[in-house]
Amino acid sequence: QDKDTWSGRFNEPVAELVKRYTASVDFDRKLALFDIRGSLAHAQMLTSCGIIAAQDLSDIQRGLAQIENEIIAGEFEWSLDLEDVHLNIEKRLTTLVGDAGKRLHTGRSRNDQVATDVRLYLRSAIDDLLELIKSLQSALLDLAQHHTHTIMPGFTHLQVAQPISFAHHLMAYFEMLKRDAERLHDARHRVNRLPLGAAALAGTSYPIKREMVAELLGFEGVCENSLDAVSDRDFAIEFTACASLIMTHLSRFSEELILWMSPRVGFIDIADRFCTGSSIMPQKKNPDVPELVRGKTGRVNGHLVALLTLMKGQPLAYNKDNQEDKEPLFDTVETLTQTLRIYADMVGGIKVKPEAMRSAALQGYATATDLADYLVKKGVPFRDAHEAVALAVRFAEQKGCDLADIELAELQQFSAHIADDVYQVLSLEGSLASRNHIGGTAPNQVEAAIARARTYLAS
Ligand code: ARG
């Protein structure tokens with residue numbers, strides 16, 4: 001059996017239970033390829049600064065290339081005794097290339113090494129996620145494009161409020177995702193800084209060139225304080241907060257899909273491949289995917305709280321607590337990635353039922369505000385108009401009909417300003433068309449919004 005890396009200092013070997021408790025290799029091996037990239041850049045810098053020999057560098061490069069192949073081929077033997085991904089790779093390197101492998105860790109600590117690996121991992125995850133957000137946005141646009149004239153009720157308090165187009169409703173989610181992407185993009189700048197060179201916590205006595213490593217690894221700069229570099233995980237927390245917001249947006253959307261798909265509402269159908277049946281009730285088609293998105297939002301929100309709590313009690317600088325950052329972070333990336341991927345597909349599989357949407361919009365006096373606005377345009381103060389229309393709604397409710405079904409003479413009891421041009425205003429189409437300004441639901445405005453969105457996605 002291998003002796004522990006630090007056995008020189010200890011009188012007895014680490015207990016088996018403790019080894020298993022402290023080991024992270026089962027999950028941090030996900031960082032392996034980033035660890036290798038970081039090591040290659042570090043070694044290159046050490047050589048360029050005259051700290052290790054050119055021969056050492058080429059041995060290290062050869063060894064790490066082989067290790068990379070072994071890992072990709074699934075042939076690398078991970079050992080729990082070697083605790084984590086870093087020590088596993090370093091040990092194998094030494095086995096392969098001898099002393100050069102032992103020189104790699106010069107001027108470096110696992111503290112700055114792991115912080116670097118996590119940042120490289122997260123930067124790459126963010127880039128993938130930004131692409132996935134775009135795919136979902138473009139699926140939304142493809143659906144919205146066909147529905148700028150599809151009228152549905154807009155709700156407040158889940159009560160029918162005013163008519164809107166289905167496209168306008170979808171475009172609300174486009175906007176949320178646009179901000180989500182902006183947030184990720186912004187967070188990426190703070191992820192993209194190099195900790196290496198901080199070593200354990202105080203920096204190193206070797207004449208290193210941190211900027212060179214930063215440039216080799218594509219970082220925008222170096223972390224400017226060595227204690228901060230190894231100890232903070234705010235970049236991971238910030239990312240997870242962005243992820244929580246994305247999931248929260250998709251959770252709201254999911255809630256709507258579930259509601260819309262309920263036979264009581266029947267606004268849409270979701271393609272069968274995103275649903276499941278019931279083992280007992282033969283008639284069932286359940287919206288499992290949106291329900292799971294709603295459920296998994298709780299899971300990601302939980303990871304955010306886990307990371308915040310992990311950080312809050314830690315004195316500077318590095319503490320082993322930080323090893324616990326990985327599982328919540330990896331799971332957040334994984335969950336969000338799968339969710340975005342499946343969502344883009346599912347939006348493409350939504351079947352819209354315009355008749356059901358329209359008939360729902362015709363119930364609940366969705367154009368009452370339009371009638372009040374009509375009166376205001378004829379000179380009635382808004383509060384008086386509001387009152388007059390409220391009385392008209394009460395009258396229609398008693399008659400069991402819509403506002404548009406009330407005869408002109410009857411409508412005029414509520415205001416003498418009402419004339420026969422009122423019926424245009426009471427129609428769903430008239431209501432939509434009148435909200436003709438940027439951000440409004442008028443079909444031409446929504447078409448313009450979709451066109452702007454396409455330009456944005458192409459840029
Ligand atoms: N596996 C550790 C982590 O994930 C690597 C750094 C360990 N450093 C240490 N001094 N124990 O944080």
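Any read-out appearing in this document is the output of simple, stated calculations on the displayed coordinates, not a laboratory observation. Treat the numbers as computed from the prediction; the structure is a model and nothing was measured. A quick note on method: Cβ atoms are made from the backbone with ideal geometry, for glycine too, and the neighbour counts reach across all protein chains shown.
Key figures for this structure:
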{"read-out": "Mean Cβ neighbour count within 10 Å, used as a protection proxy, ranking 351-358, 194-201 highest first", "value": "194-201, 351-358"}
{"read-out": "Relative contact order (%) - criterion: Cα under 8 Å, at least six apart; region: the stretch 364-458", "value": "24"}
{"read-out": "Helical segments meeting 30 Å axial Cα length and Kyte-Doolittle 0.0 threshold in the chain (DSSP H)", "value": "110-145, 234-261, 288-312"}
{"read-out": "Ratio Rg/Rh [Cα only; Rh per Kirkwood] for the stretch 11-52", "value": "1.24"}
{"read-out": "Rounded if a/c under 1.5, otherwise prolate or oblate - the stretch 1-135, Cα gyration tensor axes", "value": "oblate"}
{"read-out": "Computed lengthening from Asp405 to Ala161, 0.36 nm per intervening residue step minus Cα-Cα distance", "value": "86.0 nm"}
{"read-out": "Sites Asp345 and Thr248, calculated FRET efficiency, Cβ-Cβ separation with R0 22 Å, nearest 0.05", "value": "0.60"}
{"read-out": "Relative contact order computed over the stretch 247-334 (Cα-Cα under 8 Å; 6+ residues apart), in percent", "value": "26"}
{"read-out": "Distance from the stretch 247-274 to the stretch 43-85 (C-alpha centre basis), Å", "value": "50"}
{"read-out": "Label-point gap, in nm, between Arg20 and Asn319 - each point 7 angstrom along Cα→Cβ", "value": "2.6"}
{"read-out": "Percentage of interatomic Cα-Cα distances in the stretch 75-205 larger than 27 Å", "value": "51"}
{"read-out": "For the stretch 247-406: rounded, prolate or oblate by the Cα gyration tensor [a/c cutoff 1.5]", "value": "oblate"}
{"read-out": "Hull shadow area, averaged, the chain [alpha-carbon convex hull, nm²]", "value": "30.0"}
{"read-out": "Candidate lysines - alpha carbon under 23 Å from Lys353, same-chain residues fewer than 8 apart omitted", "value": "Lys284, Lys285"}
{"read-out": "Rounded to the nearest 20 debye, dipole of the stretch 134-250 from Cβ charges on Lys, Arg, Asp, Glu", "value": "140"}
{"read-out": "Around Gly50: net Lys/Arg minus Asp/Glu count, Cβ-Cβ under 15 Å", "value": "+1"}
{"read-out": "Ranking of His185, His157, His169 by count of other Cβ atoms within 10 Å, fewest first", "value": "His157, His185, His169"}
{"read-out": "Among 22-33, 303-314, the order from most to least packed when residues are scored by Cβ within 10 Å on average", "value": "22-33, 303-314"}
{"read-out": "Sorted peptide list for 74-86, 231-243, criterion being average Cβ within 10 angstrom, highest first", "value": "231-243, 74-86"}
{"read-out": "Unit charges at the beta carbon, dipole of the chain: most positive-side option, Ala200, Leu308, Ser165", "value": "Ala200"}
{"read-out": "Cβ-Cβ FRET estimate between Leu130 and Leu308, R0 fixed at 25 Å, reported to 0.05", "value": "0.55"}
{"read-out": "Potential lengthening between Phe382 and Asp272 on full extension [0.36 nm per residue; Cα-Cα distance subtracted]", "value": "34.8 nm"}
{"read-out": "Relative contact order (%) - the chain, alpha-carbon pairs under 8 angstrom, separation at least six", "value": "16"}
{"read-out": "Sum of -39500 (n - 2.57) over DSSP H runs of 4+, divided by residues of the chain (222 nm, nearest 500)", "value": "-20000 deg cm²/dmol"}
{"read-out": "Between the stretch 98-177 and the stretch 331-409, the alpha-carbon center distance in angstrom", "value": "30"}
{"read-out": "Net charge dipole size for the chain [Lys, Arg +1 and Asp, Glu -1 on Cβ; Debye, nearest 20]", "value": "180"}
